[in-house]
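Reading through the structure tokens given below for one structure.
Each reported figure results from applying straightforward, stated rules to the coordinates on display, with no laboratory input. Owing to the predicted nature of the structure, the values given are computational and were not obtained by experimental measurement. Please note: Cβ atoms are built from the backbone with ideal geometry, for glycine as well, and neighbour counts cover all protein chains shown.
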Amino acid sequence: MTRVKSTGLKLSLLCSSVVFMLWGCGNSEQPQAASTALPLVQVMELPAPVSDRVHQFSGILESDKTAELSFRVPGTLEQILADEGSQVKKGQVIARLDPHDFQVSVMELEARLSEAEAAHRLAAIELKRVRAAINDKAIAGVKLDRAISAEARAKAGVELLKQSLKKAQDSLAYTSLKAPYDGVIGKRFVDRYEQVDVGTQIVTIHQPTTLNAVVDVSESQIWNLRQGANGEVSWFNAEGSVAAEITQIASVPDRLKRTYEVTFALKQAPKQLVAGKAVNVAVNLPYASQAPVFCIPAMAVSSQKSQLYVNRVVNEHASAVAVKAMSQTDDSICVSGELQQGERIILAGGAFVENGHKVEVLGEAQVKS
């Protein structure tokens with residue numbers, strides 16, 4: 001009985017060994033099959049090239065007409081006749097200086113002018129008498145020369161005082177600060193009874209119904225802009241945008257920022273837009289590239305040693321093409337290189353593909369660029 005059991009045990013062990021060997025042989029063939037399988041890739045058709053891209057610029061709204069008003073003569077501010085936010089008409093008096101000293105100067109010059117005119121009349125009468133005496137040969141000719149000179153000096157004195165009086169009258173008129181056009185008082189800088197000099201800012205006047213968006217543009221982009229180009233102005237929490245047009249482009253950069261000031265005129269001004277509000281201006285600018293520019297998903301672009309590549313599928317083989325990035329968003333990148341519309345490029349699986357290797361296309365994705 002024991003021997004029979006021993007023989008059965010040996011047979012069992014032998015069968016188990018044979019099964020294990022056969023199983024091991026079967027598994028050894030699987031890696032060999034896997035090593036010959038082609039890389040699976042997903043492709044997409046290269047879309048049409050793009051000619052421009054949207055650039056965003058940050059700026060500030062300003063009134064189309066804005067002026068910092070100041071007096072042309074110094075004095076004490078006596079009256080402020082327009083408050084901040086009030087509407088004024090062209091020629092309306094906004095502020096007034098104390099006119100006393102200027103009125104005194106006018107009255108003084110008026111009196112001196114009257115005196116000079118009387119002296120001129122006397123000199124003219126004297127000249128007439130001397131000429132009559134000369135005709136009668138009653139006096140020497142030298143007296144005529146003196147009379148002519150005296151009359152001329154008296155006449156010149158009258159003209160000089162007339163001009164001085166006109167200057168004093170103008171200075172008196174300059175004590176009243178008037179609005180240069182219809183507008184709104186934006187800000188006041190001084191209070192009553194303050195002493196102001198020539199050029200001291202008194203108020204700001206502007207026309208808030210006509211607005212401009214003023215932005216700073218770098219030197220690398222300013223060459224792309226031209227007067228008459230269109231843009232879209234938007235702002236925080238805006239439900240839409242407002243069309244605008246470039247009206248001014250500065251040709252000299254700011255000394256500190258080294259940027260150029262560009263002015264966009266808004267074609268309409270909604271009520272929520274006011275001077276000083278921060279806005280964004282979107283402008284379509286052409287790419288600075290001689291080669292076509294294609295916008296594709298970022299996952300379709302790979303890199304190696306700082307060089308970007310796009311893998312094409314040509315005759316079921318991968319073909320790497322060097323490209324240059326022109327712009328990028330969160331999920332797409334616009335590149336230029338030796339690419340053509342309609343070519344198939346690898347969208348997924350490109351990281352496992354080498355240049356020139358044969359690939360198996362799993363499917364074609366429909367991707368919007």
Dipole magnitude of the chain about its Cα centre (Cβ charges: Lys, Arg +1; Asp, Glu -1), debye to nearest 20:
520 debye
Sequence-distant residues sharing a close amide H with Thr210 (under 5 Å, placed H):
Asp64
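Using a Förster distance of 51 Å, how high is the FRET efficiency between Ser58 and Asp101, based on the Cβ-Cβ distance and rounded to 0.05? Spell out each step's value before the answer.
On the way: r = 50 Å, r/R0 = 0.97.
It comes out at approximately 0.55.
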Cα pair distances in the stretch 121-227, grouped into 10 Å bins until the bin that holds the longest one, percent each:
10, 18, 14, 14, 12, 11, 10, 7, 3, 0
Put a dot 7 Å past each Cα toward the Cβ at Glu126 and Ala238; how far apart are the dots in nm?
7.9 nm
Most mobile of Ser58, Ser220, Ser332 in a GNM of the chain (Cα contacts under 10 Å)
Ser220
Give the cross-link partners of Lys137 among the lysines, using a straight C-alpha distance below 21 Å as the criterion and excluding same-chain residues fewer than 8 apart.
Lys128
Ordering of 80-90, 205-215, 262-272 by burial proxy (mean other Cβ atoms within 10 Å per residue, highest first)
205-215, 262-272, 80-90
Which one, (i) 69; (ii) 34; (iii) 39, gives percent of Cα pairs over 31 Å apart as derived from the coordinates shown?
(i)
Which of Val142, Tyr174, Ser114, positive extreme of dipole for the stretch 99-174 (C-beta unit charges)
Val142
Using +1 on the beta carbon of Lys and Arg, -1 on that of Asp and Glu, and nothing else charged, what's the dipole of the stretch 99-174 about the Cα centre, debye to 20?
480 debye
Based on alpha-carbon positions alone, could you give the equivalent ellipsoid semi-axes of the stretch 210-369 from the gyration tensor, as √(5λ), descending, whole Å?
42, 18, 13
Cα-Cα over 25 Å, subset of Lys143/Lys166; Lys90/Lys162; Lys65/Lys271; Lys65/Lys277
Lys143/Lys166; Lys90/Lys162
Which whole-Hz ³J(HN,Hα) couplings does the stretch 185-197 yield from phi under the Karplus relation 6.51 cos²θ - 1.76 cosθ + 1.60, θ = phi - 60°, glycine and proline marked x?
6, x, 7, 10, 10, 10, 10, 4, 6, 7, 7, 10, 9
Using each residue's phi in the stretch 93-98, evaluate 6.51 cos²θ - 1.76 cosθ + 1.60 at θ = phi - 60° and report the 3J(HN,Hα) Karplus result to the nearest Hz, with x for Gly and Pro.
6, 9, 8, 9, 8, 5
Enter the angle in degrees (range 0 to 90, nearest 10) between the Cα long axis of helix 100-135 and the first principal axis of the Cα atoms of the chain, meaning the one along which they spread out most.
50 degrees
Can you find, among Val310, Gln328, Thr259, the residue sitting farthest towards the positive end of the charge dipole of the stretch 251-351, where Lys and Arg contribute +1 and Asp and Glu -1 at Cβ?
Thr259
